[in-house]
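Input: a single structure, listed below in structure tokens.
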Amino acid sequence: MQSCQSLAMEMESSASHQEIKRAGLLTRAWGCFKGLIGNLKNKVVNTAKSVKKLGEDDPRRITHSLKVGVAVTLVSLLYFSRTLYDSFGVAGMWAVLTVVVVFEFTVGGTLLKSLNRGFATLLAGALGVGAHHLASLFGNKGEPIVIGILVFLLASASTFSRFIPKIKARYDYGVLIFILTFSLVSVSGVRVDELVEVAHQRLSTIIIGGAACIVISIGICPVWAGEDLHKLVASNIEKLGNYLEGFGKEYFVEDGTEDEIKTKNKSFLEGYKSVLNSKSAEDSMANLALWEPRHGKFGFRHPWKQYLKIGAISRQCAYHIEALNGCINSNIQAPEEFKSKIQEPCKKMSEESGKALKLLSSAIKTMTDPSPAKIHVDNSKTAINELKIALKSCSLDHDDLLIIVPAATVASTLTEIVQCVDKLSESVHELANLAHFKIVEATVSPEKPQLLHRGTVNPVLDRGDDHVVITIEGTDSPENNHDDKNQATKMPSRQNLQV
């Protein structure tokens, strides 16, 4: 009897244990499911935020996406319309493929790919038809051999040409399409009887697709690569100017509480870093800008290559600034006595160079004469001479040389930066001459003095004393002299002598 009771108790305990085990499994499974749902929700939210940020950073991306959709829809009519489908047949698919492949973000990119694809298809199609006729002269057995030899030679030569830098930069896509089209046309001619008609249909649909891309890209909210390059180069120079203007106050710390120093905005110290990696973007934009037609202030033969020269000097200046930036938070600091002697010339070099760079950036943005920046460039050069005088006045022992190395590095680097700014100023002046920047004349200049008042000067003899009577008849404002800039200098004075 007892054995039966113990057996029953064991069965009940095992059953309860199994129930607890099942409940634990269900709880863990539910926890894993909730975790998966939570992770999925977080990924969806993060993706939505990144997509939103992507659109907010550059709304033109959204416009470009809509333009591509419009272009694909239009060329799809070659299939939807029965009349067009009867004219082009299955070859209409090449129009859709052309739009998807050649429609780029910028007008220059779209023109580059469209023209490359069109001319490459035309040339390769003509050579393919010619190769087919040439091979047919050798009979049915010799035709495949001749076609194979021609395909091998042209494909090898075209592929090798892609390694040439100029062809790689401008015509790489066209060479690729040439190899593809020539191989397809020449090889398909062995099995297709109406080869000329097939080549004509393919070329026509490619021209239709490319034309649709070009018209929509230029006609609807165009994105010009040249304009982006113009803004990028000017923005990079401004970032360098912002850094140099604030460097002197950061390195030679001015009076202020620790809280003010900590809460001070130092974001300008990081702006130069984007300049270091701008070469690839500038090269790509300059290459695409060469294909773009006249737009806005940019003529057909605008000197885009000069922007690359300016960009190279800007990066050289940014590399010097990177070396300079390492001295701000360096653990090794020079003696305050030495820093105080070089403080004024170093701060002057930094501030004047920064002002010059910001004026050069503004001149590029507004496409006006950059001559005002020359004053600050000359001031920074004068500061170099002041630094030399300050260094000569320092009496240093051999043991002091290692201590002053950090501060001497700052002074030497600033000297090199001044030289870079001078080169950059010359390059911007050259760009202004080539692009015919607008010259803004000063309203008042020493060569053209303005006469502010008109009047009569009457010498009068009264009671034996000499008197001079000046009568003011009126004032000349700049508005009254806008018709003749030299009116003030040409205006005669009236004098009446009374005895």
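Only lysines eight or more places from K52 in sequence, or on another chain, were considered; those with a Cα closer than 16 Å are K43. For the residue pairs K358/K388; K347/K423; K273/K347; K231/K374, the alpha carbons lie more than 24 Å apart in K358/K388. Dipole of the range 149-240 (Lys/Arg Cβ +1, Asp/Glu Cβ -1, origin at the Cα centre): which of I208, T181, I167 lies farthest to the positive side? It is I167.
In plain terms, the chain from E197 to T409 could stretch by 69.0 nm, reckoned as 0.36 nm per residue minus the Cα-Cα distance. Once you compute Rg and the Kirkwood Rh from C-alpha atoms, what is the Rg to Rh ratio for the range 133-213? Ratio of gyration radius to Kirkwood radius for the range 133-213: 1.05.
A short reminder: the numbers here are calculations on the coordinates, not readings from a lab. Remember, it's a predicted structure, so these values are computed and weren't measured experimentally. A quick note on method: Cβ atoms are made from the backbone with ideal geometry, for glycine too, and the neighbour counts reach across all protein chains shown.
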